Amino acid sequence: MTYGITGNPTKDALWRPLRDLTRWLHRENLTFRLDAALARGLAERGLADDAFASEHAALDLAAGADVLLSFGGDGTLLRTAHRSDGVPILGVNMGRLGFLTKVEVGELEAVLEAVEAGESGVEERMTLSVEIDADLGDVPAWALNDVVVDKSGTTSMIQVEATVDGRHLNTYWADGLVVATPTGSTAYALSVGGPILVPGTETIVVAPIAPHTLTARPIVLPCDAELVLRVETRNHPFAFACDGVSAVLEGGATVRIQRSDHTVKLVTLPGRDYFGTIRDKLSWGQGSVF
């Protein structure tokens with residue numbers, strides 16, 4: 001099995017665990033490739049020699065890899081997802097909550113032994129495709145977590161007219177709108193009052209950000225719905241983002257969102273499930289009197 005290793009090079013805590021992992025993989029005669037920036041970072045910090053870094057560096061990390069290891073938080077894993085090309089991802093948590101990053105640094109070797117023994121699995125997560133009548137630059141055309149329209153730092157609200165399968169849903173006066181997959185329901189959508197969606201439900205949540213009308217509540221749509229948003233502003237731009245990568249657009253843009261044929265594969269591990277992750281990350285059940 002070949003491992004592709006990527007991560008967030010801005011995290012100082014990354015480098016020694018990364019060095020330890022590469023040494024362990026080398027001792028175990030396991031094949032691995034390093035994101036070129038990480039290989040260079042190890043060499044620059046004296047944690048690997050230049051020859052070792054050069055030997056294992058890769059520009060196209062997914063090519064030939066069986067599993068991608070993503071060191072960082074959920075944001076790092078999202079960036080990994082957009083370059084995974086169908087290769088399953090195992091997130092190594094170096095962030096805070098880490099709903100997507102299932103493994104802590106201290107248990108990584110034991111987890112990889114389980115992977116090598118065939119004890120892991122793979123689950124596929126749905127994504128959202130995006131069409132918009134504007135130039136998005138580097139913003140991806142699909143999202144694993146969420147699609148967001150936002151007022152872009154101004155004090156004025158934006159108006160978002162939303163239709164579902166051609167039927168008028170609502171005209172939102174708000175700071176913005178979050179459209180999330182079940183994977184993204186525990187991210188921005190959760191912080192604005194949206195529900196937690198179990199990944200297998202394959203639904204879409206639409207959650208307003210600070211709506212002017214207090215009765216405007218999040219709504220859950222079936223995964224085959226087509227959601228169209230027309231964004232109007234008071235002569236100022238708005239921010240549009242897919243999985244946290246954003247662009248500033250002019251008002252009047254129309255955004256078409258629907259389920260994508262593309263999926264992202266995540267590694268599953270024995271003895272761990274989604275509900276256990278939710279209980280752990282959100283501290284459910286703590287402080288019981290029993």
**Asked** From the backbone phi of region 273-281, what are the Karplus-calculated ³J(HN,Hα) couplings (6.51 cos²θ - 1.76 cosθ + 1.60, θ = phi - 60°) in whole Hz, Gly and Pro given as x?
**Response** 9, 4, 5, x, 4, 4, 4, 5, 6
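Which value, in Å², gives the accessible area per residue of the chain when a 1.4 Å probe is used on the protein heavy atoms?
Solvent-accessible surface per residue comes out at 47 Å².
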**Request:** Sort out for me the Cα centre separation of region 188-264 from region 7-74, rounded to whole Å.
**Result:** 35
**Message:** With +1 assigned to the C-beta of every Lys and Arg and -1 to the C-beta of every Asp and Glu, and no other charges, what is the dipole magnitude of region 27-131 about the Cα centre in debye, to the nearest 20?
**Reply:** 380
**Request:** Please find, in a Gaussian network model of the chain (springs between Cα atoms separated by less than 10 Å), the residue of Glu161, Glu119, Glu226 whose mean-square fluctuation is greatest.
**Result:** Glu119
**Request:** In a Gaussian network model over the chain where Cα atoms closer than 10 Å are linked, find which of Leu69, Leu177, Leu97 has the largest mean-square fluctuation.
**Result:** Leu97
**Request:** Residues in region 233-257, backbone N under 14 Å from the label point at Trp173 (7 Å along the Cα-to-beta-carbon vector): list them, ranges by number please.
**Result:** 233-234
**Request:** Per residue of region 191-200, in order, report the coupling 6.51 cos²θ - 1.76 cosθ + 1.60 (Karplus, θ = phi - 60°) as ³J(HN,Hα) in whole Hz, putting x for Gly and Pro.
**Result:** 5, 9, x, x, x, 7, 9, 6, x, x
**Message:** I'd like the accessible area for Arg79, computed on protein heavy atoms only with a 1.4 Å probe and all protein chains in place. Round to 10 Å², please.
**Reply:** 140
**Prompt:** How far, in nm, would the chain grow between Glu226 and Glu109 when pulled straight, counting 0.36 nm per residue and subtracting the alpha carbon separation?
**Reply:** 37.8 nm
**Among Thr183, Val149, Gly98 - extreme Cα towards positive end, dipole of region 97-198, charges at beta-carbon** = Val149
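Could you order Met157, Met126 by accessible surface area, starting with the largest, using a probe radius of 1.4 Å?
Heavy-atom accessible area, descending, gives Met157, Met126.
So what's the back-of-envelope 222 nm ellipticity for the chain, counting only DSSP H runs of four-plus at -39500 (n - 2.57) apiece and dividing by all residues, rounded to 500?
Calculated from helices alone, the mean residue ellipticity at 222 nm is -5500 deg cm²/dmol.
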**Message:** Could you tell me which residue out of Gly75, Ala63, Ala48 lies farthest along the dipole of region 17-109 toward its positive end? Charges go on the beta carbon: Lys and Arg +1, Asp and Glu -1, centred on the Cα centre.
**Reply:** Gly75
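Determine the shape class of region 127-203: with a ≥ b ≥ c the square roots of the Cα gyration tensor eigenvalues, call it rounded for a/c under 1.5, and otherwise prolate if a/b is greater than b/c, oblate otherwise.
Details: a/c = 1.37, a/b = 1.24, b/c = 1.11.
Because its axes are fairly even, with a/c under 1.5, region 127-203 counts as rounded.
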**Item:** region 166-290: C-alpha gyration tensor shape, a/c 1.5 cut-off, then a/b vs b/c
**Value:** prolate
**Request:** List, largest first, the extents of the alpha carbons of region 1-87 along their principal axes, each in whole Å.
**Result:** 31, 27, 20
**Structure-derived Cα extents along the principal axes in Å - corresponding label in (1) 60, 52, 33; (2) 75, 43, 39; (3) 50, 48, 43** = (1)
**Item:** Given charges at beta-carbon only (K, R positive; D, E negative), |dipole| of the chain in Debye
**Value:** 720
**Asked** How many nm is it between the label spots at Asn29 and Leu214, if each spot is 7 Å from the Cα in line with the beta carbon?
**Response** 6.9
**Request:** Could you check the simple spin-label distance between Glu123 and Arg45, using points 7 Å along Cα→Cβ, in nm with one decimal?
**Result:** 3.1
**Request:** Treat every Asp and Glu Cβ in region 185-290 as -1 and every Lys and Arg Cβ as +1, leave all other atoms uncharged, and give the resulting dipole magnitude about the Cα centre to the nearest 20 debye.
**Result:** 220
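The values are calculated or read from the model by the stated rules, or taken from the named source; none is laboratory data. These figures come from a predicted structure and were not determined experimentally. Note that each Cβ is placed from the backbone with ideal geometry, even for glycine, and that neighbours are counted across all protein chains shown. Keep in mind that these areas ignore ligands, DNA and RNA; they rest on the heavy atoms of the full protein, side chains included. Shrake-Rupley method; radii C 1.70, N 1.55, O 1.52, S 1.80 Å.
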